[in-house]
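Right, one structure below, let's go through it.
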Amino acid sequence: MENRTKSFIYAAIIGLIIVAIFLGFLSSMANPISWILIAVLLLIPVLYKKKSNPKQVQWREEYSVGIAHIDDDHKKLISLLNNFSIAYDYAMSESFEKEALNELISYTKYHFEREEKMMEDNDYPDLIAHKAQHKVMIEQVEKFVQLYNDKGHDALEEIASFLTDWLINHINGTDKQYSAHLHSKGIH
Ligand SMILES: [Fe+2]
Ligand SMILES: [Fe+2]
C-alpha cells in the first residue's frame with residue numbers, strides 16, 4: 001500500500017477513535033471504554049513509528065577520513081540523507097520532498113567540488129579516477145530528479161536507497177583512499 005494511503009487510513013482511524021471517546025464520555029466520565037480508547041490513541045504513534053521504521057543512517061567513527069572539515073561535510077550529507085528518507089517514509093508534502101531532494105543534491109555537488117579542489121591542490125595521484133566517480137554519481141542523481149518529476153512520490157524509495165548505499169560506500173571506500181596522501185601533506 002502506498003505511504004500516502006496508509007497515512008490517510010491512520011488519520012481516519014485516529015479520527016474515529018476520538019469521536020468514540022467523546023461519545024463515551026457523553027454517557028459517563030467513568031466509561032471504561034473511553035479510557036481504554038485513550039490508551040490505544042496514545043499507543044498509535046509509537047506503533048506507527050515502529051512499523052514504518054525509516055531507514056536512518058548513523059554516522060560511525062569508522063567512516064572518518066581523518067580530515068575534520070571533510071568529516072563534517074560527510075556528517076551533513078548523512079543528515080540530509082536522513083531528512084530525505086523521513087520525507088519519503090512519512091509521506092510528507094510534495095514541496096517538502098522536493099526541498100529535501102534538492103538540498104541533498106546541491107550539498108552533494110558542493111561537497112564534491114570542495115573535495116576535488118582539496119585533492120587537486122595537494123597533487124593527489126588518483127584524482128582523475130575519483131573525479132570520474134563523482135561525475136557518474138551526479139549524472140545518476142540528475143536522472144533521479146527526472147524520475148521524481150515523472151513518477152513523484154513513488155520514485156523516492158528507489159532514490160533514497162541508491163543514494164544511501166552509494167554515499168556510504170563512497171565515503172567508506174574511495175574517500176578513505178586519499179587520507180594517507182593528504183595526511184602526508186599536513187591536512188588533518
Ligand atoms: Fe566525500
Ligand atoms: Fe569523494
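The values are calculated or read from the model by the stated rules, or taken from the named source; none is laboratory data. Note that this is a predicted model, so its numbers are computed, not measured. Please note: Cβ atoms are built from the backbone with ideal geometry, for glycine as well, and neighbour counts cover all protein chains shown. Side chains included, ligands, DNA and RNA excluded: accessible areas come from the protein's heavy atoms. Shrake-Rupley method; radii C 1.70, N 1.55, O 1.52, S 1.80 Å.
At a glance:
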| item | result |
| --- | --- |
| Under the span-like rule (Cα at least 18 Å along the axis, Kyte-Doolittle mean at least 0.0), DSSP H helices of the chain | 3-27, 32-52, 156-172 |
| Estimated dipole of the stretch 61-184 in Debye, rounded to 20 [Cβ of Lys and Arg +1, of Asp and Glu -1, Cα centre] | 140 debye |
| Between the stretch 145-175 and the stretch 63-140, the Cα center-to-center distance that results, in Å | 11 Å |
| Projected-area average for the stretch 3-52 over all orientations - Cα convex hull basis, square nanometres | 3.3 nm² |
| Förster radius 41 Å - calculated FRET efficiency between SER179 and SER106 (Cβ-Cβ, nearest 0.05) | 0.95 |
| Stretchable slack from LYS98 to SER7, in nm (0.36 nm times residue separation minus alpha-carbon distance) | 30.9 nm |
| Heavy-atom surface of the chain, accessible at 1.4 Å and reported per residue (Å²) | 58 Å² |
| Extension gain, ASP72 back to ASP150 (0.36 nm per residue minus Cα-Cα distance, nm) | 24.7 nm |
| Surface share of carbon and sulfur [accessible, 1.4 angstrom probe, percent] for the chain | 61 percent |
| Lysine pairs in the stretch 61-184 with Cα atoms under 14 Å, if 8 or more residues apart or on separate chains | 8 |
